[in-house]
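Novice: First the structure, then my questions, so here it is.
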Amino acid sequence: MNILLFHLMPYADLDLREADKYPHSWVTLPNRFYDPKKGHALYNRYLDEMEYAEDLGFDAVCVNEHHQTAYGLMPSPIVTASALSRRIKRAKIAILGSALPLRANPLTVAEEHAMIDNITGGRLISGFVRGIGCEYHASGVNPTYSLARFNEAHDLIVRAWTEPGPFEFHGKHYHFEYVNVWPRPYQQPHPPIWIPSQGSRETIEFAAHPARKYTYLQTFSPIKAVAKNLLMYRDVAKRHGYTSAPSQLGWATPVYVGETDEAALAECSEHYENFRNRFLGKMSLEMLMPPGYTSRESARAIVAAKTAAHEKVDTRRADELGMMTCGSPRTVADRLIDYMTQIGFGNLLAMLQFGTLPADLTRRNMERFAEYVMPRLRQAAKELYGS
């Protein structure tokens, strides 16, 4: 069982009353609301929290990529991972992930990931994503080419890591006379590749294919959607003639641990609801799913799964739906173990800071989770999976 700290680095000092006057929290929210002095403090606070995760025994810390939004201040996960790579000595660093279709030059991703893998002595997890629909508005990339650009960029990066160079690469979207990446990855043949997603069938088919068997991560979804999509991964694996392992399945979800159920709800409700209803959920369907971004079948499935996620919801209801987990150490551990037993995932990405959750509550949440919840999860996984 891998237990990872997932962090979004939100702009927690956003003036919410002013931001509420705008229809979106992504792409069109004016950047005059960003104060660099407050941003300086937040960046360093968040880096401290991720470094502290190693002291608490987390297996890895996770960074990610989003653009032109207060939801997450990591337009370059490479920068964040680089800042962590010399300070974190044991835990892995998971880039979940680099948005490949947005890159004009995928070889830059290959080079940067290989650098971090070398600096950390092989503690990098490489995550590749297509990027949610908003990123295509922010980057000016045609979403119709999203899947094709992702697949081609992926193939180029893996070849650059594994084939001796120089060699030529000529695809539909990328052309290189010389592919000859320096440095080569520390891990051979390459770092493990994980694929986070909202639940696109094409993405699940891609990750579960026997040529790859990449770890698939379901992100921020009600527990029914998590179960459905992780079952889909297992079904794809069976269709290809193999049984997927728990290590190939993961779930990223907000968690808050208080002294009691009542205290937990009281402490985190405002901050979770800011995260869900103001930072994440304040997004139109056009922003979330621009035309051509995915197939009609996947679009219908994602929209159906995300309808509840993008409507206003209070923390108690989100907890009931399994969109987040909140309660005493015993309640949180029991519920997560129940989910793990039902669904069979071997990677839990716990988001222990969300929205406007302040530093003191974040630190206490991390400490309670590490002291009381993590040991029970590990023991339950050992009994379930033997490891």
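Novice: Looking only at segment 223-240, how many residues end up being open to solvent by less than 20 Å² (accessible area, probe 1.4 Å), of a type in the set (Val, Ile, Thr) and closer than 18 Å to Leu280 by Cβ? Working first, answer last.
Specialist: At the first step, the residues of segment 223-240 found to be open to solvent by less than 20 Å² (accessible area, probe 1.4 Å) are 225-226, 229-230, 233, 236-237.
Pick out the ones that are also of a type in the set (Val, Ile, Thr) and you get 226, 236.
Subset that is closer than 18 Å to Leu280 by Cβ: 226.
So the count comes out to 1.
Novice: Another question, if that's okay. Between a residue in segment 114-140 that is open to solvent by 30 Å² or more (accessible area, probe 1.4 Å) and any residue that is charged (D, E, K, R) and not in a loop (DSSP other than H, G, I, E, B), which pairs come within a Cβ distance under 7 Å, given they are 6 or more apart or on different chains?
Specialist: Pairs that qualify, where the first residue is open to solvent by 30 Å² or more (accessible area, probe 1.4 Å) and the partner is charged (D, E, K, R) and not in a loop (DSSP other than H, G, I, E, B), are Arg123/Lys92.
Novice: Pull up segment 27-60, narrow it to residues that are out of contact with any helix residue (DSSP H, G or I) (no Cβ under 8 Å at 6 or more places or on another chain), in a helix (DSSP H, G or I) and among the aliphatic types (A, V, I, L, M), then point me to the one that is least open to solvent (accessible area, probe 1.4 Å).
Specialist: Leu42
Novice: Exactly one of these conditions fails for Leu73: (1) within 30 Å of Asp15 (Cα to Cα); (2) at pLDDT 95 or above; (3) open to solvent by 10 Å² or more (accessible area, probe 1.4 Å); (4) in a helix (DSSP H, G or I). Give me its number.
Specialist: Of everything listed in (1) within 30 Å of Asp15 (Cα to Cα); (2) at pLDDT 95 or above; (3) open to solvent by 10 Å² or more (accessible area, probe 1.4 Å); (4) in a helix (DSSP H, G or I), Leu73 misses just condition (4).
Novice: Give, as residue ranges, the strands (runs of 3 or more DSSP E) completely inside segment 182-295 that count at least 2 residues that are within 26 Å of Glu135 (Cα to Cα) and hydroxyl-bearing (Ser, Thr, Tyr).
Specialist: On the way: elements: 193-197, 215-219, 249-257.
Hits in segment 182-295: 215-219.
Novice: Give me the pairs, please: first residue somewhere in segment 161-179 and touching a residue at least 60 places away in the same chain (Cβ under 8 Å), second residue anywhere and hydrophobic (A, V, I, L, M, F, W, C) and surrounded by 10 or more Cβ atoms within 10 Å (Cβ to Cβ), beta-carbon distance under 7 Å, and either six or more positions apart or on two chains.
Specialist: Short answer, once both residue conditions are applied: Tyr174/Ala153; Tyr174/Leu156; Phe176/Leu107; Phe176/Phe169; Val179/Leu107; Val179/Ala160; Val179/Phe167; Val179/Phe169.
Novice: Kindly indicate whether Arg159 is basic (Lys, Arg) and either surrounded by 17 or more Cβ atoms within 10 Å (Cβ to Cβ) or on the phi > 0 side of the Ramachandran plot (or both).
Specialist: No.
Novice: Give me the residue from segment 336-357 that is small (Gly, Ala, Ser) and farther than 18 Å from His271 by Cα and, out of that set, surrounded by the most Cβ atoms within 10 Å (Cβ to Cβ). Give the derivation first.
Specialist: As a first pass, look at segment 336-357 and keep what is small (Gly, Ala, Ser): 344, 346, 350, 355.
Filter once more, keeping what is farther than 18 Å from His271 by Cα: 344, 346.
Details: Gly344: 18, Gly346: 20.
Looking at the filtered set, the residue picked out is Gly346.
To keep it simple, each residue is scored yes or no on (1) under 30 Å from Asp55 (Cα atoms); (2) over 19 Å from the mean Cα position of the chain (by Cα); (3) β-branched (Val, Ile, Thr).
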| site | (1), (2), (3) |
| --- | --- |
| Lys92 | yes, no, no |
| Leu107 | no, yes, no |
| Asn118 | yes, yes, no |
| Arg123 | yes, no, no |
| Ser126 | yes, no, no |
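Novice: Please verify whether Ala153 is assigned to a helix (DSSP H, G or I), open to solvent by less than 40 Å² (accessible area, probe 1.4 Å), among the small types (Gly, Ala, Ser) and at pLDDT 95 or above, treating the condition exactly as stated.
Specialist: Here the answer is yes, as Ala153 does meet what is asked.
Novice: Quick one: how many residues across segment 2-47 are on the phi > 0 side of the Ramachandran plot and either within 18 Å of the chain's Cα centre (by Cα) or among the aromatic types (Phe, Trp, Tyr) (or both)? Can you show your working first?
Specialist: To start, the set of residues in segment 2-47 that are on the phi > 0 side of the Ramachandran plot comprises 9, 27.
Applying the additional criterion that residues be either within 18 Å of the chain's Cα centre (by Cα) or among the aromatic types (Phe, Trp, Tyr) (or both) yields 9.
Selection size over segment 2-47: 1.
Novice: Of all residues in segment 248-283, how many are of a type in the set (Gly, Ala, Ser), over 27 Å from Thr69 (Cα atoms) and buried (at least 20 other Cβ atoms within 10 Å of the Cβ)?
Specialist: 2
Novice: Further question on the same structure: Identify, by number, the condition in (1) without any contact (Cβ under 8 Å) to a residue 60 or more places away in the chain; (2) over 23 Å from Tyr11 (Cβ atoms); (3) surrounded by 19 or more Cβ atoms within 10 Å (Cβ to Cβ) that Val63 doesn't meet.
Specialist: In the conditions (1) without any contact (Cβ under 8 Å) to a residue 60 or more places away in the chain; (2) over 23 Å from Tyr11 (Cβ atoms); (3) surrounded by 19 or more Cβ atoms within 10 Å (Cβ to Cβ), Val63 misses (2) alone.
Novice: OK, next. Mind checking which residues of segment 115-141 are of a type outside the set (Val, Ile, Thr), at pLDDT 95 or above and within 26 Å of Gly292 (Cβ to Cβ)?
Specialist: Let us first name the residues in segment 115-141 that are of a type outside the set (Val, Ile, Thr), namely 115, 117-118, 121-124, 126-128, 130-131, 133-140.
Filter once more, so that each one left must be at pLDDT 95 or above: 115, 117-118, 121-124, 126-128.
Correct list: Gly127, Phe128.
Novice: Taking segment 96-105 on its own, how many of its residues are under 15 Å from the mean Cα position of the chain (by Cα) and modelled with pLDDT under 95?
Specialist: 1
Novice: Just to be sure I understand, how many residues within segment 208-222 are open to solvent by less than 30 Å² (accessible area, probe 1.4 Å) and under 16 Å from the mean Cα position of the chain (by Cα)?
Specialist: Applying the first criterion (open to solvent by less than 30 Å² (accessible area, probe 1.4 Å)) to segment 208-222 yields 208, 214-218, 220-222.
If we keep only those that are under 16 Å from the mean Cα position of the chain (by Cα) too, we end up with 214-218, 220-222.
Counting residues in segment 208-222 that are open to solvent by less than 30 Å² (accessible area, probe 1.4 Å) and under 16 Å from the mean Cα position of the chain (by Cα) gives 8.
Novice: For segment 345-384, what are the residues that are closer than 17 Å to Met9 by Cα and either without any contact (Cβ under 8 Å) to a residue 24 or more places away in the chain or in a helix (DSSP H, G or I) (or both)? Before you say what the answer is, go through the steps one by one.
Specialist: Applying the first criterion (closer than 17 Å to Met9 by Cα) to segment 345-384 yields 349-363, 365-366.
If the condition is that a residue be closer than 17 Å to Met9 by Cα and either without any contact (Cβ under 8 Å) to a residue 24 or more places away in the chain or in a helix (DSSP H, G or I) (or both), then Ala359, Asp360, Leu361, Thr362, Arg363, Asn365, Met366 are the ones that fit.
Novice: If you scan segment 313-335, which residues turn out to be in a helix (DSSP H, G or I), surrounded by fewer than 22 Cβ atoms within 10 Å (Cβ to Cβ) and not acidic (Asp, Glu)? Steps first, answer last, please.
Specialist: Pass one, segment 313-335, residues in a helix (DSSP H, G or I): 315-321, 329-335.
Remaining after also requiring surrounded by fewer than 22 Cβ atoms within 10 Å (Cβ to Cβ): 316-317, 320-321, 329-331, 334-335.
Scanning segment 313-335 gives Arg316, Arg317, Leu321, Pro329, Arg330, Thr331, Arg335.
The values are calculated or read from the model by the stated rules, or taken from the named source; none is laboratory data. Everything numeric in this text was worked out from a predicted model, so none of it was measured. Using ideal geometry, Cβ is built from the backbone for each residue, glycine included, and neighbour counts are taken over all protein chains shown. When the accessible area is computed, the model is the full protein with side chains, heavy atoms only, and any ligands, DNA or RNA have been set aside. Shrake-Rupley method; radii C 1.70, N 1.55, O 1.52, S 1.80 Å.
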